[in-house]
Amino acid sequence: MNKEILFRAKRIDNGEWVEGNYITNERDEEKAYIGYLFDVRNGAVHDFDIVEVIPKTICEYTGITDKNDQKIFEGDIVQYLGIGSVGKVVWYEGDYIGFAVDEIYNSVQQYDKEMFDEVEVIGNIFDKPGMLMNIERKEEKQLVFEPLLKDFETETIAEYFRDMVAEIPDYIFTIPSSTSGKYHNATQCERYGQIYHSYMFASILNHRLRLKPNREKYNTPEIRDCMRCVSVFHDAVKCGWNGEQYTVQEHPILAAEWVRNTHVDHDIPDEYKEMIACMCEAHSGEWNKNKSGEVIMPEPRNDMEFFIHECDILSSRADIDMLLPDELKDILVGVNTEEKTMEERYTVEQIIDAITQADEEVMSAIAFKDRKMLEDALKDFLLDG
């Protein structure tokens, strides 16, 4: 049976999704359109429409439906209910060509009918990019950043900040601010270094905002609170959506997307979110090129964005450090962020012995290179060290 040819994309005028036929413009290749029927009676077309869409959001229908009979499009985020893994639907050209799920087993998984009977669409990369991140420890993250709320001047943005920090990926508890160890001060190169960097950024920003010239320039509590949000948000996705080993170079752009697309209970007006997003994506300043010398991020475009860039630079200097607040140290101990890896918890002999006793679940985990699945399969055979 032939696959239905169908595309979807976000309208450029209101951001709503629309499905239909993908139409290009030969006179302007940067523009894209979706044409669709919206009045069909007795098999006859009475009306149709063509709308301009955001090109990067164009997604093709895979021809596959999930367990709930929902159509699966390229860019959808799906969860494999068999093991709880989450991945995104991509077009793949490798050992085969076609649609696949990326990251479900830390690899690309080819479409298999039996597998997709156990797959459920839970979002898409444009509306909910954070779904690809591990964001289970929400209350702990709120607790860690709670002390920063004392400097906020508006309850509305303070509540928004509190909701948003809960959506930061959990790896913020474990990554240093410099994942290579080459940059930032010694404290920020340790465990929890990214949290320390956020605190130092916030401290510098608040000291500067207390100066009369800056209070006169950034003259509303709402603007100043938006700037305070950036102290944490600018590096919220520092290691990418899926937690790469090292800093993802375009993380300022990812942070901006995260701000624009994440919706929380205490949301704020879009104009404030856009202000925060723009400060995030320009916070690296002149260091905005990739290894090939291509510009991949904007430089600061106004005084506010330069202000944020300067705060980031000052809080990243190897020769400037700060005493960490005692309350932060107490909180980090209290939330038990000293998580140990399997190798730290058990001896090599214990792990080998457990593998010899375990069943095919362990073999499947090893075959799929799924670390969490392996630990879960071994837990009944391991004694806590």
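Of note:
- Of all residue pairs spaced 6 or more apart or on separate chains, none has beta-carbon atoms under 7 Å together with a first member in the range 269-286 that is over 20 Å from ARG317 (Cβ atoms) and without any contact (Cβ under 8 Å) to a residue 12 or more places away in the chain and a second member that is in a helix (DSSP H, G or I) and basic (Lys, Arg).
- Output for the range 25-45, where each listed residue is exposed (fewer than 12 other Cβ atoms within 10 Å of the Cβ) and at pLDDT 80 or above: ASP28, GLU30
- ASN219 being outside any helix (DSSP H, G or I) and either free of Cβ contacts under 8 Å to residues at least 60 places away in the same chain or surrounded by 13 or more Cβ atoms within 10 Å (Cβ to Cβ) (or both): yes
- Subset of the range 234-270 [modelled with pLDDT under 85 and of a type in the set (Phe, Trp, Tyr)]: TRP241, TYR246
- Among the residues of the range 192-213, those identified as more than 17 Å from HIS251 (Cβ to Cβ) and in contact (Cβ under 8 Å) with a residue 24 or more places away in the chain are TYR192, TYR196, TYR199, MET200, ALA202, SER203, ILE204, LEU205, ASN206, ARG208.
- Looking only at residues of the range 226-283 that are β-branched (Val, Ile, Thr) and assigned to a loop (DSSP other than H, G, I, E, B), we find that the one that is surrounded by the most Cβ atoms within 10 Å (Cβ to Cβ) is VAL237.
- Any hit, the range 274-285, residues being in contact with a Cys (Cβ under 6 Å, 6 or more places away or on another chain), under 22 Å from MET200 (Cα atoms) and not basic (Lys, Arg): yes
- Within the range 300-316, tally of residues that are crowded, with 20+ Cβ neighbours inside 10 Å and among the β-branched types (Val, Ile, Thr): 1
- For MET115, the conditions (1) of a type outside the set (Lys, Arg); (2) outside any strand (DSSP E or B); (3) crowded, with 16+ Cβ neighbours inside 10 Å; (4) at pLDDT below 75 are fulfilled apart from (3).
- Looking across LYS273, LYS212, one residue alone is touching a Lys or Arg at 6+ places or on another chain (Cβ under 8 Å) and at pLDDT 95 or above. It is LYS273.
- Scanning the range 151-178 for residues that are modelled with pLDDT under 95 and in a helix (DSSP H, G or I) returns ASP163, MET164, VAL165, ASP170, TYR171, ILE172, PHE173.
- Criterion violated by TYR218 - all others in (1) at pLDDT 95 or above; (2) within 21 Å of the chain's Cα centre (by Cα) satisfied: (2)
- Check on GLU16, at pLDDT 90 or above and outside the structural domain of ILE72 (by TED's automatic domain parsing): no
- Restricting the first member to the range 309-326 and to residues that are free of Cβ contacts under 8 Å to residues at least 40 places away in the same chain, and the second to residues that are buried (at least 16 other Cβ atoms within 10 Å of the Cβ) and assigned to a loop (DSSP other than H, G, I, E, B), the beta-carbon pairs closer than 8 Å and six or more apart or on different chains are HIS309/ALA282; HIS309/HIS283; HIS309/SER284; HIS309/GLY285; HIS309/PRO300; ILE313/GLY285.
- Residue check, GLY193 at pLDDT below 80 and within 24 Å of ILE313 (Cα to Cα): no
The values are calculated or read from the model by the stated rules, or taken from the named source; none is laboratory data. Note that the coordinates shown come from a computational prediction; the quantities given were computed from them, not determined experimentally. Backbone-built Cβ (ideal geometry, glycine too); neighbour counts: all protein chains shown.
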